[in-house]
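*Asks:* Here it is: the structure, laid out below.
The values are calculated or read from the model by the stated rules, or taken from the named source; none is laboratory data. Just so it is clear, the model here is predicted, and its values are computed rather than measured. Note that each Cβ is placed from the backbone with ideal geometry, even for glycine, and that neighbours are counted across all protein chains shown. These area figures cover heavy atoms from the full protein model, side chains too; ligands, DNA and RNA do not enter into them. Shrake-Rupley method; radii C 1.70, N 1.55, O 1.52, S 1.80 Å.
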Amino acid sequence: MADQVNHKEVHGLLVEVALAAGDMIVAAQPHIATVGTKQNSADLVTETDKAVEQYAIALLKEKYPEFDFLGEETYTTGKKLTDKPTFICDPIDGTVNFVHTFPNVCISLALAIHKKPVVGVVYNPYTTHLYSAIKGQGSFLTMPFRSKSTAPIENRRVRLPHNPNPPPLGGLDKSLVAVEWGSHRTGHNWDVKYETFAKLAGSREQGGKMVHSLRSMGSAALNFCAVAAGQIDVYWEGGCWAWDVAAGWLILTEAGGIVVDANPGNWSPTVDGRRYMAVRAAPTGQREIVEEFWSIIPEGGYNYSA
Ligand code: IPD
């Protein structure tokens, strides 16, 4: 079955679902939508997250009834990503942003085969930026553009990264780094997280890396896309799930970036491994920046696992 999947056809469907789902997200009124919590008061879910996932399931199952589906809102503990063709869906990545009307929100849709993404689509309906990739065919951003304020808006499709000759990576002290706070704020993983943030941002005199700055934009999928675009040099994350990263992962790697483990030593992480470091395309310096980053991670690193 996997050999016969037409990636281009799946791509077309995922784009169609993402655009329609984006309309649902924009039409929803986050300030009056029912907001619930999951594991704690910062782990939010809204009726729109659930409605969008149901909508995606209905369309995807109609066309591909034999494929599996792994989605954030229908996930049940213990469900594993398998080798079967599987649609992986985060109906709203950036739910906290959505609730606060902070417009860094997207739907993230991927098809994985043998646990590896082969088609990925990430759509932010507020900016109408659509990122997409098919395995082996590069990554693209479709976005509204006008050359000056009086010119008509046109839709442009550009290949990522934006700079076709990205500069070498110069090390952490020359980098803009994305990190996320997540919703789990106690215990070992929390200690690893904030100690690493302090090391990244702190001055050389204090044993820090003095990165240009840290960004925390609230959506793993859009962070991956920003690294793919070359706007962020490195994104370091622990604790999120396959649905947060699957589409962005392919968009990044098709744009020449790499994904390694957030913990030291593992150059080949898995989509469902819950620990990720994404590095932008560069002619040199990818390996060096990963090793430099790994060197500051507290003993033991994260204990998140698939
Ligand atoms: C969250 C975002 C956030 C990441 C969290 C995710 P959600 O996804 O991707 O950037 O740090 O771990 O849970 O809950 O908005 O779909």
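*Asks:* Two decimals, Cα atoms only, Kirkwood Rh: what is Rg/Rh over the range 1-102?
*Replies:* Value, to two decimals: 1.00.
*Asks:* Here's a follow-up. Give the accessible surface of the chain per residue, rounded to a whole number of Å², with probe radius 1.4 Å and ligands, DNA and RNA excluded.
*Replies:* Result: 45 Å² of accessible area for each residue.
*Asks:* How much accessible surface area, in Å² rounded to 10, belongs to the heavy atoms of HIS212 with a 1.4 Å probe?
*Replies:* The accessible area comes out at roughly 130 Å².
*Asks:* From the convex hull of the Cα coordinates of the range 172-295, what is the mean projected area in square nanometres?
*Replies:* 7.0 nm²
*Asks:* Name the residue from SER213, ALA228, ASN163 whose Cα lies farthest towards the positive end of the charge dipole of the range 147-282, charges +1 on Cβ of Lys and Arg and -1 on Cβ of Asp and Glu.
*Replies:* Sorting the options by dipole projection puts first ASN163.
*Asks:* Could you give the size of the charge dipole of the range 7-159 about its Cα centre, using +1 on the Cβ of each K and R and -1 on the Cβ of each D and E, expressed in debye and rounded to the nearest 20?
*Replies:* Computed about the Cα centre, the dipole is about 640 debye.
*Asks:* Can I ask one more? Take each complete run of DSSP H in the chain, measure how far its Cα atoms stretch along the helix's own axis, and keep only those covering 20 Å or more with mean Kyte-Doolittle hydropathy at least 0.0; list them.
*Replies:* 7-27
*Asks:* LYS116: net charge of surrounding residues, Cβ under 10 Å, Lys/Arg +1, Asp/Glu -1, itself excluded?
*Replies:* That sum, taken over residues with Cβ under 10 Å, equals +1.
*Asks:* For the chain, which longest stretch is free of loop sites, where a loop site is one of the trypsin sites (Lys or Arg not before Pro) that DSSP puts outside H, G, I, E and B and that has at most 13 other Cβ atoms within 10 Å?
*Replies:* Counting at most 13 other Cβ atoms within 10 Å as exposed, the longest clean stretch of the chain is 186-306.
*Asks:* Here's another thing I want to ask about it. Which value, in Å² rounded to 10, gives the accessible area of TRP243 with a 1.4 Å probe and all protein chains present?
*Replies:* 10 Å²
*Asks:* With every protein chain kept in the model, how would you rank HIS114, HIS7 by accessible area, 1.4 Å probe, largest at the top?
*Replies:* Ranked from most to least accessible, the order is HIS114, HIS7.
*Asks:* In whole Å, what is the distance between the alpha-carbon centres of the range 40-63 and the range 202-237?
*Replies:* What the calculation gives is 29 Å, centre to centre.
*Asks:* Another question about this same structure. Hey, in the GNM for the chain with a 10 angstrom Cα cutoff, which one of SER147, SER216, SER295 fluctuates hardest?
*Replies:* Top of the fluctuation ranking is SER147.
*Asks:* Give a quick list of chymotrypsin sites (Phe, Trp or Tyr not before Pro) in the range 19-105 that DSSP marks as loop, anything other than H, G, I, E or B, with at most 15 other Cβ atoms within 10 Å.
*Replies:* Answer in residue order: TYR75.
*Asks:* Counting only residues 5 or more places away or on other chains, whose amide H sits under 5 Å from the amide H of LYS209 once H atoms are built in the peptide plane?
*Replies:* It is LEU200, ALA201, GLY202, by chain and number.
*Asks:* Now a separate question. Tell me which GluC sites (Glu not before Pro) from the range 1-70 have a DSSP coil assignment and no more than 12 other beta carbons within 10 Å of their own.
*Replies:* Qualifying residues, ordered by number: GLU66.
*Asks:* Another one. How much of the accessible area of the chain, probe 1.4 Å, is carbon plus sulfur, in whole percent?
*Replies:* Carbon and sulfur together cover 52 percent of it.
*Asks:* For the chain, what value does the Rg/Rh ratio take when both radii are computed over Cα atoms and Rh is the Kirkwood radius, given to two decimals?
*Replies:* Radius of gyration over Kirkwood radius for the chain works out to 0.95.
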